[in-house]
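Dropping a structure here in structure tokens format, bear with me for questions.
The values are calculated or read from the model by the stated rules, or taken from the named source; none is laboratory data. Bear in mind that the values here come from a model prediction, so they are computed numbers and not experimental data. Glycine also receives a Cβ, built like all others from the backbone with ideal geometry; neighbour counts cover every protein chain displayed. The protein model used for the area step is the full one, side chains on, heavy atoms only, and it has no ligands, DNA or RNA in it. Shrake-Rupley method; radii C 1.70, N 1.55, O 1.52, S 1.80 Å.
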2 protein chains.
Amino acid sequence: MALRHAVLAALLNEELSGYQLAKAFDVGVANFWHALPQQLYAELAKLEREGLVAGREVVQDTRPNKRLFTVTEAGLAELTRFAATADKPSFIRDDLLVKVQAADHLDPDELVTRLLERAALADAKIELFGGLLRRMRGDRDEEDFLRHGDHIGPYLTCLRGLAFEQGNRDWCHRTAAVLRERRTTDVPR
Amino acid sequence: MALRHAVLAALLNEELSGYQLAKAFDVGVANFWHALPQQLYAELAKLEREGLVAGREVVQDTRPNKRLFTVTEAGLAELTRFAATADKPSFIRDDLLVKVQAADHLDPDELVTRLLERAALADAKIELFGGLLRRMRGDRDEEDFLRHGDHIGPYLTCLRGLAFEQGNRDWCHRTAAVLRERRTTDVPR
DNA sequence: TACTACATGTAATGAGTTACATGATTAG
DNA sequence: CTAATCATGTAACTCATTACATGTAGTA
């Protein structure tokens, strides 16, 4: 029951349509949660029925009409209540780690391929997040922005996303190097 | 459909009961996947029906009897097939990040409390993982173990878990420091 | 002309969580 | 005597993913 809170948090600083939300929750920018469009449309409908968000129709002639959503008082109250609860630990669930766990019984070349694929993906995200951070803090430096800027929430979560992807990239390279090294030194299997 | 592969990977290096598996997949040691006991018992039953794992009854008189599982040839083949598929990107889903995303609209003290709780949890895991790594590599140093040891798969995934928790801890402290700093310098909200 | 972006959903299936159930042994 | 550990599940429910569905406008 936390997708609802993720949606509320995402709508706090900007009014968004379901479509825009979906993009924010997609692969690219999901620094704090991930969800598919279908889930988001469904969740928005539910949140609106419960009065936690309010939607307003925006008529467009060149594009299909859309509905923009904002968080209501009740929605903010719900988020506040949520913030006071202890959060359940978050878990890793990653195909790639499963494969590396089985490394001793699998083809190293195959694994190295996967690891480099993932490292490339991480690099792309690192660049993306770097750009987002720069845009958010404008011409200030980070220290100054975090002390005196507003909307630091998204900035802070993006910092976590950045560090996470850097961790991914480093680990992928290190692991690939280890597997390649063993391949050439002819280790018994 | 990846829990099955996680179970197979976990059973590769040691014969385990459902109960032992459940402990490995629990909060403490889940460096590459997480699942609850119920899921694991169900998955083991399914894997056995499909011939991917084989269970053998172990009679105990002081404890309830248990069934120990090993991966079959077919199971290893299934893992190999899995390793060749491209893996879907893994996503973050974390209550705490949702709360920080909404930081600009929530009570900073509350958030700092959550962040320090999480940092403490991360510290505990860091110690735990550190110990596991030491046990796995024995008296060798890491470089040597990774070059010539066997069962490096679990070691490598544990390294990722360790780095992840260190990232968590650092980010929690940094974020808490930022929020405390702003509280004292009286930023407009 | 084909593809991508905009914009919003429904339906079916699969995966994960919560609650419940049982029963013995050992450590505090 | 109470709690934790060992050991294994079932049932109900919620959440997430996959597949499908529709239609317009701008870009290559």
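Looking only at other chains, what is the average number of their beta-carbon atoms within 10 angstrom of each beta-carbon in A:160-168?
Numbers: counts 13, 3, 1, 8, 6, 0, 2, 6, 5.
Counting Cβ atoms of other protein chains within 10 Å of each residue's Cβ and averaging gives 5.
State to the nearest 20 debye the size of the charge dipole of region B:95-184 about its Cα centre, where the only charges are +1 on K and R beta carbons and -1 on D and E beta carbons. Spell out each step's value before the answer.
Working: 15 positive and 17 negative charges, 11 e Å.
Here region B:95-184 has a charge dipole of around 60 debye.
Continuing with the same structure: Hey, can you grab everything whose amide H is under 5 Å from the amide H of residue B:53? Only 5+ residues off in sequence or another chain; H modelled, so Pro and N-termini drop out.
Long-range HN contacts for residue B:53: B:48, B:72.
Same structure, new question: Averaging over all projection directions, find the projected area of the Cα convex hull of region A:3-83 and quote it in nm² with one decimal place. Present the calculation step by step, with values, prior to reporting the outcome.
Details: hull surface 21.5 nm².
Result: a mean projected hull area of 5.4 nm².
For region B:116-131, just list the computed ³J(HN,Hα) in residue order, Karplus coefficients 6.51, -1.76 and 1.60, θ = phi - 60°, integers in Hz, with x standing in for Gly and Pro.
Values, residue by residue: 6, 4, 5, 4, 5, 4, 5, 4, 4, 5, 4, 4, 4, 5, x, x Hz.
Let me ask something else. Pull up all non-local amide H partners of residue A:66: gap of 5 or more, or a different chain, and H-to-H distance under 5 Å with H placed in the peptide plane.
A:58, A:60
What are the ³J(HN,Hα) values, in whole Hz, obtained from phi via the Karplus relation 6.51 cos²θ - 1.76 cosθ + 1.60 with θ = phi - 60°, for each residue of region A:5-12 in sequence order, with x given for Gly and Pro?
Result, ordered by residue: 6, 4, 5, 4, 4, 5, 8, 5 Hz.
Here's something else I'd like to know. Have a look at B:119, B:22, B:45 and tell me which one the Gaussian network model of chain B (Cα, springs below 10 Å) gives the largest fluctuation.
Result: B:45 has the largest fluctuation of those listed.
Could you go through region B:76-90 in sequence order and give the Karplus-derived ³J(HN,Hα) for each residue, using 6.51 cos²θ - 1.76 cosθ + 1.60 with θ = phi - 60°, rounded to whole Hz, and x for Gly and Pro?
Values per residue, Gly and Pro as x: 5, 4, 4, 4, 4, 4, 4, 5, 7, 7, 5, 8, 5, x, 9 Hz.
I want to verify the translational diffusion coefficient of the protein assembly as shown in µm²/s; compute it with Stokes-Einstein, Rh as the Kirkwood radius over Cα pairs, at 10 °C and 1.306 mPa s.
Numbers: Rh = 22.8 Å.
Diffusion coefficient, whole number: 70 µm²/s.
Efficiency by 1/(1 + (r/R0)^6): what FRET value for residue B:181 and residue B:120, r their Cβ-Cβ distance, R0 = 25 Å, to the nearest 0.05? Show your work: numbers first, answer last.
Details: r = 21 Å, r/R0 = 0.83.
Computed FRET efficiency for residue B:181 and residue B:120 comes out at 0.75.
Residue A:85 label point, 7 Å along Cα→Cβ, cut-off 13 Å on backbone N: hits in region B:12-36?
None, by backbone N distance to the label point.
With a 1.4 Å probe on protein heavy atoms only, work out how much accessible surface B and A bury together, total over both chains, in Å² to the nearest 100.
Working: alone 12820 and 12800 Å², together 18690 Å².
About 6900 Å² of accessible surface is lost on pairing.
At 7 Å along Cα-to-Cβ for each site, give me the label-to-label distance between residue B:26 and residue B:142 in nm.
Here the modelled spin labels are 2.8 nm apart.
Additional query: Running a GNM on chain A with Cα contacts under 10 Å, which residue among A:35, A:86, A:124 ends up with the highest mean-square fluctuation?
A:86
Here is a follow-up. Of the cross-linked pairs A:23/B:125; A:23/A:99; A:46/A:125; B:46/B:66; A:23/B:23; A:46/B:88, which ones have a Cα-Cα span greater than 26 Å in the structure shown?
A:23/B:125; A:23/A:99; A:46/A:125; A:23/B:23; A:46/B:88
Still on this structure, I have one more. What are the semi-axes of the equivalent ellipsoid of region A:126-179, taken as the square roots of 5 times the eigenvalues of the Cα gyration tensor, listed largest first and rounded to whole Å? Walk me through the numbers on the way to the answer.
Values: eigenvalues 165, 18, 14 Å².
Ellipsoid half-lengths, sorted descending, are 29, 9, 8 Å.
Taking every pair of alpha-carbon atoms in region A:95-184, what share in percent sits in each 10 Å bin, from 0 to the bin with the longest distance?
Here the calculated profile for region A:95-184 is 16, 37, 21, 16, 9, 1.
How large is the Kirkwood hydrodynamic radius of chain B, counting all unique pairs of alpha carbons, in Å?
Details: mean 1/r = 0.0514 Å⁻¹.
Final number for the Kirkwood radius of chain B is 19.5 Å.
Positive end of the dipole of chain A, charges at C-beta (+1 Lys, Arg; -1 Asp, Glu), about the Cα centre: which of A:158, A:71, A:146 has its Cα farthest in that direction?
Selected residue: A:71.
Between residue B:2 and residue A:13, what is the FRET efficiency for a Förster distance of 30 Å, r being their Cβ-Cβ separation, to the nearest 0.05?
On the way: r = 34 Å, r/R0 = 1.15.
Rounded to the nearest 0.05, the efficiency is 0.30.
Shifting gears a bit: Which value, in debye to the nearest 20, describes the size of the charge dipole of chain A about its Cα centre when Lys and Arg Cβ atoms bear +1, Asp and Glu Cβ atoms bear -1, and nothing else is charged? Write out the running numbers ahead of the final one.
Working: 27 positive and 30 negative charges, 53 e Å.
My answer is approximately 260 debye.
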